[in-house]
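Scroll down for the structure; my scribbles are underneath it.
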């Protein structure tokens, strides 16, 4: 039965490792290589322990202990890498080497099994507490709190089991003659290990999967260059807000913004400077607006700002504040300071508005602002526009001279 439990642990740990190998075979994404290697070493450790009754016990136990020390160290390093902390790989390796040396001395110098059990339990308990402390301090980094709670439960649960094992054999509990001996305490700790070890690696797998899911969601939600909302995200939000206004009434202002003379910045200073101008512009605008407002990049140098619960007077004041903020914050390049201005077209929600309609009115107002000298905001006229506010040729001409 004892050997069966060990092989159950091996099977669970191997099954949990497979998704990591399949999904991420060639890149270290947030410490995933360390987690994968730790899982593999845990499997080696379990197999070596399970075979110690069949093969020469000394080498098998030594291989098992060495693999387990490596697994604990890699879990710690992987967790630190996952959260972007210094991995402390050298210090972890040095401590691991000392533990392996201590195991070797106890095993081959005639030390009793109780001493090895105490060392194993103390080492595992300390390692889990140290790694759990890192996770606890970084627990707010993930939006999915349940995964972090489960990971801390798995780590502190394993630490508690090993702490209990340490206490039992420290205060006189009868030590087994063999780790595979089915004594009451020995069987209890093996069963606990069969639960907590796979649970630990399942928690690490969920941690990585949850982080990847959040990263992919962020990639869909935010523009990678400016960190404003992406085109799809801002348009989806506009649709949702319009539905809310239709149902419950409400005030919504849409401000279309365009960087004046952006093409000349690209042509004169290069595309790297153009990218810097876009990032700088988005940061300036986001600092100038309310935290509740939402800025999105529609494409190129064109942005959309959604202003919620904003009446016409406040919307105009807010739009002018954006223009003033951009004008007052030139782009600082290594060898030049580039003045920047912006033009805007402001459209206010009207009952029955569609996304295309309100954007078309804002676009027409933006075109007027460009035609009337730029660095200004124009308010859209009342009424609905079914399509774009200007023909494609005029739009292209306006963009090319912007």
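Every listed requirement among (1) modelled with pLDDT of 95 or more; (2) part of a helix (DSSP H, G or I); (3) over 21 Å from residue 240 (Cβ atoms) is met by residue 395 save one, (1).
Note on the stretch 284-313: among residues that are assigned to a helix (DSSP H, G or I) and in contact (Cβ under 8 Å) with a residue 24 or more places away in the chain, the one that is surrounded by the fewest Cβ atoms within 10 Å (Cβ to Cβ) is 287. Take the stretch 99-115 and flag every residue that is assigned to a helix (DSSP H, G or I) and free of Cβ contacts under 8 Å to residues at least 24 places away in the same chain. Matches in the stretch 99-115: 101, 102, 105, 106, 115. Mind listing whichever residues of the stretch 140-152 are surrounded by fewer than 15 Cβ atoms within 10 Å (Cβ to Cβ) and either over 15 Å from residue 31 (Cβ atoms) or touching a residue at least 60 places away in the same chain (Cβ under 8 Å) (or both)? Correct list: 140, 143, 145, 146, 149. When 118, 101 are screened for being more than 20 Å from residue 189 (Cβ to Cβ) and more than 34 Å from the chain's Cα centre (by Cα), only 101 passes.
All but one of (1) under 30 Å from residue 248 (Cβ atoms); (2) touching a helix residue (DSSP H, G or I) at 6+ places or on another chain (Cβ under 9 Å) hold for residue 343; state the number of the condition that does not hold. Only one criterion is unmet by residue 343, namely (1). Residues of the stretch 77-94 include at least one that is assigned by the TED database to the domain that holds residue 193, buried (at least 18 other Cβ atoms within 10 Å of the Cβ), part of a helix (DSSP H, G or I) and without any contact (Cβ under 8 Å) to a residue 24 or more places away in the chain.
Quick one: which of 128, 152 is touching a helix residue (DSSP H, G or I) at 6+ places or on another chain (Cβ under 9 Å) and at pLDDT below 90? Spell out how you get there, then give the answer.
Details: 128 fails: at pLDDT below 90.
Just a single option satisfies the conditions, and that option is 152.
Only one of 317, 322, 326 is assigned to a helix (DSSP H, G or I), without any contact (Cβ under 8 Å) to a residue 12 or more places away in the chain and assigned by the TED database to the domain that holds residue 291. Can you tell me which? Steps first, answer last, please.
Working: 322 fails: without any contact (Cβ under 8 Å) to a residue 12 or more places away in the chain; 326 fails: without any contact (Cβ under 8 Å) to a residue 12 or more places away in the chain.
Just one listed residue meets the conditions, 317.
Per this entry, residue 267 is counted among residues that are at pLDDT below 95 and closer than 26 Å to residue 336 by Cβ.
Being in contact (Cβ under 8 Å) with a residue 24 or more places away in the chain, surrounded by fewer than 20 Cβ atoms within 10 Å (Cβ to Cβ) and within 23 Å of residue 346 (Cα to Cα) is the requirement here; does residue 276 meet it? Before you say what the answer is, go through the steps one by one.
Values: in contact (Cβ under 8 Å) with a residue 24 or more places away in the chain: yes; surrounded by fewer than 20 Cβ atoms within 10 Å (Cβ to Cβ): yes; within 23 Å of residue 346 (Cα to Cα): no.
Taking the combined requirement at face value, the residue does not satisfy it.
The values are calculated or read from the model by the stated rules, or taken from the named source; none is laboratory data. Since the structure is predicted, the reported quantities are computational estimates derived from the model, not experimental observations. FYI the Cβ positions are ideal-geometry reconstructions off the backbone, even for glycines, and counts take in every protein chain you see.
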